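No lab work stands behind these numbers, since they all come straight from the coordinates. Computed from a prediction, not measured in an experiment: that's the story for all the values here. Every residue, glycine among them, receives a Cβ derived from its backbone with ideal geometry; neighbour counts consider all protein chains shown.
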Amino acid sequence: MSLTARYRLPLVLQCLVLLIPVNVYVIGDWLGNGVQWVLFRYQQSYMGNSLILVSRDIAHVTTGVIAGRSAISLLFWIAGSVLFILALLLAIFAAMHEEPAYFKKGGLLTIAGGVSLLLAIIMQYGPAFSGPAGFAVPIGIPVIFIIGWLLYTGKYEDPDSVRDPE
């Protein structure tokens, strides 16, 4: 099955959400730092370098290794990750079946996922993205919101490519 050009760009945009760095952070008083994507993060600390998958975060929360404010933050992050995966599945379905309405629904899920990630950052670092836990710079959140809005509104389409059925 060939993917038409009309559905290629929104599918690439939806994939891009999983590939862009969402946030750069510093732990405490420079005890560590890292870059976080939707499904994993790379962290450098006095204990060494780590690649931490969201599945490991799920395990840490469910077993009680991480609790309190950090656990709530991780739950928001996990919820956002799930929303982005669902949005990607909708985008794949939309492209395969040439149903643009599913891109719109995926756009809403992308925006909701972005809100969830933003809440996770605020929960961990505070509303100013800075506090006793360290600080974060949510560099990818605006991009996620823009992609979600583009998918929801269909602004990615070339007006000349959309033909009137009459």
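Overview of results
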quantity	calculated
Residue-wise HN-Hα coupling along region 13-27, computed from phi with Karplus coefficients 6.51, -1.76, 1.60 (Hz; x: Gly, Pro)	4, 5, 5, 4, 4, 7, 9, 7, x, 8, 7, 10, 9, 10, 8
Amide hydrogen neighbours beyond the local backbone of Gly134, cut-off 5 Å, H modeled	Gly28
Label corresponding to volume of the Cα convex hull per residue in Å³ when calculated from the structure given, among [x] 118; [y] 141; [z] 129	[x]
Local net charge near Val38, Cβ-Cβ under 15 Å (Lys/Arg +1, Asp/Glu -1)	+1
Alpha-carbon centroid distance for the pair region 75-103 / region 5-62, whole angstrom	18 Å
Relative exposure of Leu18, Leu90, judged by other C-beta atoms within 10 Å (fewest first)	Leu18, Leu90
Against the rule of thumb 2.2 N^0.38 Å, how large the Cα Rg of region 98-157 comes out	1.36
At most 12 other Cβ within 10 Å, DSSP loop - trypsin sites (Lys or Arg not before Pro), region 57-166	Lys155, Arg163
Relative exposure of Leu53, Leu89, judged by other C-beta atoms within 10 Å (fewest first)	Leu53, Leu89
Ascending count of other beta-carbon atoms within 10 Å, so fewest first, for Tyr42, Tyr25, Tyr7	Tyr42, Tyr7, Tyr25
